[in-house]
Amino acid sequence: MNLFDASLTVNLAGISLANPLIAASGCYGYGFDYRRWIDPGDWGAIVVKGTTLRPRTGNPPPRLVETPSGMLNAIGLQNPGIDFFLKSIRPQLPELQCPVLVNIAGETLEEYRQLAAILNSVTEVSGIEVNISCPNVKRGGVSFGGDPALVEELIGLVREVYRLPLIVKLSPDAGNIVSVAEAAWRAGADALSLINTIKGMVIDVQKRRPVLGNITGGLSGPAIRPVAVRAVWEVSAAVSIPVIGMGGIMQADDALEFILAGACAVAIGTANFINPAVAREISQGLRQYLCDHGFSHYRELIGAARP
């Protein structure tokens, strides 16, 4: 089989992707800054940075610290708000040449509902990712994501006003992630993305103080990949909607772990800070794997590790 005969196309809850690789929210900005290194069209889709109803200044610095096999971030959902997005970012989105999704977050149920209602009429956006689990903010999503009943209420409210694909982002810090996933599914989610970062902290032993200005932050990178793969394995067996796997994907074999566990697509975050060309390289690696193992289409690999 020729390398480029292998197909990577996938349908994600009604969104046609040229490949299963998604730029994760918070790690790719609005998709424009990386164009000097990589064609944004190399991605199957891009999830823009977390967007809230009003501008947020985020957490006090320092906001990032490197850890063994990963990093902690405590950005705190800094963003210019939905009005700025509509006025300044929306007109540029067609230049990205791939589907764009907007990650939304709020402090109240009504804020989530308002954001969804606003984005429902934005034709340049293919869907939304509802962030119900952000471990580096003191209010909002982190309090919603751990309660299945509250998740079901929240996603139900969003579903009432949003007609396009609705993805819910889950965190392992929620406790029983399968119960939360099932609640989001019952309420009308079209897909689930997991896992969000894991709450952690680092202490400067010389200063005897926490390194991050927020004290705690979200751990990402290869250190969390085994946790994420396990979560995808469990959740994909419990729901009948697509699962997007994420957590420490640095190369094609990492992406394949999630796919074989049951993910229909994968999101890549921290790796973008290290290798801006990561999407192109992983796409090539997936094609090579398909070719080497005699598969004609990427879909044949989804959940293939299951007995």
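The values are calculated or read from the model by the stated rules, or taken from the named source; none is laboratory data. These numbers were taken from a predicted model, which means no experiment stands behind them. Cβ sites come from the backbone with ideal geometry, for glycine too, and all protein chains shown count toward neighbours.
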Kindly provide the set of residues from segment 183-199 that are surrounded by fewer than 24 Cβ atoms within 10 Å (Cβ to Cβ) and modelled with pLDDT under 95, ordered by number.
-> ILE198, LYS199
Scanning for something hydroxyl-bearing (Ser, Thr, Tyr), modelled with pLDDT under 95, surrounded by 18 or more Cβ atoms within 10 Å (Cβ to Cβ) and on the phi < 0 side of the Ramachandran plot, does segment 217-235 turn up at least one residue?
-> no
Conditions: (1) farther than 23 Å from GLY188 by Cβ; (2) outside any strand (DSSP E or B). ALA116 meets all but one. Number of the miss?
-> (1)
Before we move on, is ILE241 assigned to a loop (DSSP other than H, G, I, E, B), in contact with a strand residue (DSSP E or B) (Cβ under 7 Å, 6 or more places away or on another chain), farther than 15 Å from ILE22 by Cβ and β-branched (Val, Ile, Thr)?
-> yes
Counted residues in segment 142-182 being part of a loop (DSSP other than H, G, I, E, B) and either in contact with a Leu (Cβ under 6 Å, 6 or more places away or on another chain) or buried (at least 21 other Cβ atoms within 10 Å of the Cβ) (or both) come to 3
Considering each residue of segment 261-307, count those that are crowded, with 18+ Cβ neighbours inside 10 Å, assigned to a helix (DSSP H, G or I) and not small (Gly, Ala, Ser), and give that number.
-> 9
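A quick yes/no check of all residues on (1) more than 16 Å from ILE128 (Cα to Cα); (2) buried (at least 21 other Cβ atoms within 10 Å of the Cβ):
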site	(1), (2)
THR9	yes, no
ASN19	yes, yes
CYS27	yes, no
GLY44	no, yes
GLY58	yes, no
